[in-house]
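The values are calculated or read from the model by the stated rules, or taken from the named source; none is laboratory data. The shown structure was predicted, so the numbers you read here are calculated from the model rather than taken from an experiment. Here the Cβ positions follow ideal geometry from the backbone for every residue, glycine too, while neighbour counts run over all protein chains shown.
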Amino acid sequence: METNPDAILCVMPADSAIGDVPALHLALASAAAAARAGRIVTIGIRPTRPETGYGYIEQGLPFDAAPGAFEISQFIEKPSRERAAELIASGDYLWNAGMFIFAAATLRAELEAHAPEVLQCVAEAVKAGRRERGFLWLDQAAFAACPSISLDYAVAERTVLGVVVPANLNWSDVGSWEALWDMGAKDDAGNVAIGDVLLEGAENCYVRSTGQLTVVVGVKDAVVVAAGDAILVLHKDRSQDVKAIVERLRRSGRSEAVTHNRVPRPWGYYESIATGARFQVKRILVNPGAELSLQKHFHRAEHWVVVEGSGLITQEDKEYLVGENQSAFLPLGCVHRIKNPGRIPLVFIEVQSGSYLGEDDIVRLEDSYGRV
């Protein structure tokens, strides 16, 4: 809106897979024409099976201002398998892929009409935000106050300006383990195996290991995922039920519900290797030129052993360089940070020891990523 109210925006889920990119370009061209005509446009996927994990869109009359586009008659929530089969048989319904195309001014006007509280919070988050190092940092308090609602519910299902462009994109929202099996390269028995996997007499299985050897024998239509902190085994037909398991984990306060074994950070990532009474071991990767915050801990000491690259350590009032097979000891309470001054990733093993090892025992004194 600040630079061009007529700019055409395309909002798409980050985790979907599109196999036919030229078909996407054709659909976007039609969608952009409808958006320039002042419409809120979505791309509808022609269904290939009675899927219960997607919402559906009923295709209406042709929209004359954009060839290939149609008025939206209605949105339908995720149906039962029987209802999904009926929708597909009619030929008038499309999968809702969550892709939206619109002019900036059109979206603002529709938000003002249908979700003014969202518009107000977002506008304040941008206005009160700060720009530095090429980023716009939204105002945290204003954005946190914004209602948690999707664009579908806030605008698309309420507007009278809705238009849909049907398309065959070889699309998947990758929203289930069954979808990953469907996309994967299969062996002669229909199995998808990723990582250190050994199969014997298995058929139509999806087996993924991020580390340890995983053996599957005499099983059909199963999903087996062996990650560093958990193992999942389920029937492919029950892949949508994972949501219920995640909810149970949340209710019981399990960290697995919200935290992956590998945790991304603006400087790289860390992953937990082992945890026990009064100790924790992590593998930490720091990207070239990046650095951790200048920090200290009240409840733990740390040992760092460099296994790849080199690190410039700040410890209290001194700086020193550590290379491969060298180490550093950071006693409880000392001020410290590590920077990767090289051109390859810095990888080191961190051994924490102390009475409390939570991530909230980090007091940041300086930070290149605005987290102080």
- prompt: Of all the strands (runs of 3 or more DSSP E) wholly in segment 296-361, which have at least 2 residues that are closer than 15 Å to residue 283 by Cβ?
  reply: 300-308, 346-354
- prompt: If the Cβ limit is 6 Å and pairs must be 6+ apart or interchain, which residue in segment 346-363 that is polar (S, T, N, Q) pairs with which residue that is part of a strand (DSSP E or B)?
  reply: 352/280; 352/300; 352/302; 353/279; 353/301
query: Does residue 246 qualify as being out of contact with any Leu (no Cβ under 6 Å at 6 or more places or on another chain), hydrophobic (A, V, I, L, M, F, W, C) and part of a strand (DSSP E or B)?
result: no
- line: Filtering strands (runs of 3 or more DSSP E) wholly in segment 1-115 for at least 2 residues that are within 23 Å of residue 173 (Cα to Cα) and of a type in the set (A, V, I, L, M) gives 8-11, 40-45, 70-76, 93-103
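Identify all residues within segment 266-295 that are assigned to a strand (DSSP E or B) and more than 15 Å from residue 351 (Cα to Cα); write none if there are none.
Step one: list which residues in segment 266-295 are assigned to a strand (DSSP E or B), which gives 268-276, 279-286, 291, 294-295.
Residues satisfying the conditions are 268, 269, 286, 291, 294, 295.
Please count how many residues of segment 240-299 are at positive phi and either touching a residue at least 40 places away in the same chain (Cβ under 8 Å) or surrounded by 16 or more Cβ atoms within 10 Å (Cβ to Cβ) (or both). Spell out how you get there, then give the answer.
Initially, segment 240-299 is screened for residues at positive phi, giving 253, 268, 278, 289.
Within this subset, residues satisfying the condition of being either touching a residue at least 40 places away in the same chain (Cβ under 8 Å) or surrounded by 16 or more Cβ atoms within 10 Å (Cβ to Cβ) (or both) are 268, 278, 289.
Number satisfying all stated conditions: 3.
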query: Does segment 125-134 include one or more residues that are within 28 Å of residue 234 (Cβ to Cβ) and assigned to a strand (DSSP E or B)?
result: no
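Yes/no matrix, rows are residues, columns are (1) assigned by TED's automatic domain parsing to the domain that holds residue 72; (2) within 27 Å of residue 83 (Cβ to Cβ); (3) touching a residue at least 60 places away in the same chain (Cβ under 8 Å); (4) of a type outside the set (Asp, Glu):
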position: 100; (1), (2), (3), (4): yes, yes, yes, yes
position: 103; (1), (2), (3), (4): yes, no, yes, yes
position: 108; (1), (2), (3), (4): yes, no, yes, yes
position: 126; (1), (2), (3), (4): yes, no, no, yes
position: 138; (1), (2), (3), (4): yes, no, no, yes
position: 144; (1), (2), (3), (4): yes, no, no, yes
position: 158; (1), (2), (3), (4): yes, yes, no, yes
position: 184; (1), (2), (3), (4): no, no, no, yes
- prompt: Given the conditions (1) farther than 26 Å from residue 130 by Cβ; (2) of a type in the set (Asp, Glu); (3) modelled with pLDDT under 95, which single one is not true for residue 324?
  reply: (3)
message: Which residue is surrounded by the fewest Cβ atoms within 10 Å (Cβ to Cβ), if the candidates are limited to segment 36-63 and must be within 22 Å of residue 109 (Cβ to Cβ) and in contact with a helix residue (DSSP H, G or I) (Cβ under 7 Å, 6 or more places away or on another chain)?
response: 38
- prompt: exposed (fewer than 15 other Cβ atoms within 10 Å of the Cβ), modelled with pLDDT of 95 or more and over 25 Å from the mean Cα position of the chain (by Cα): does that describe residue 71?
  reply: no
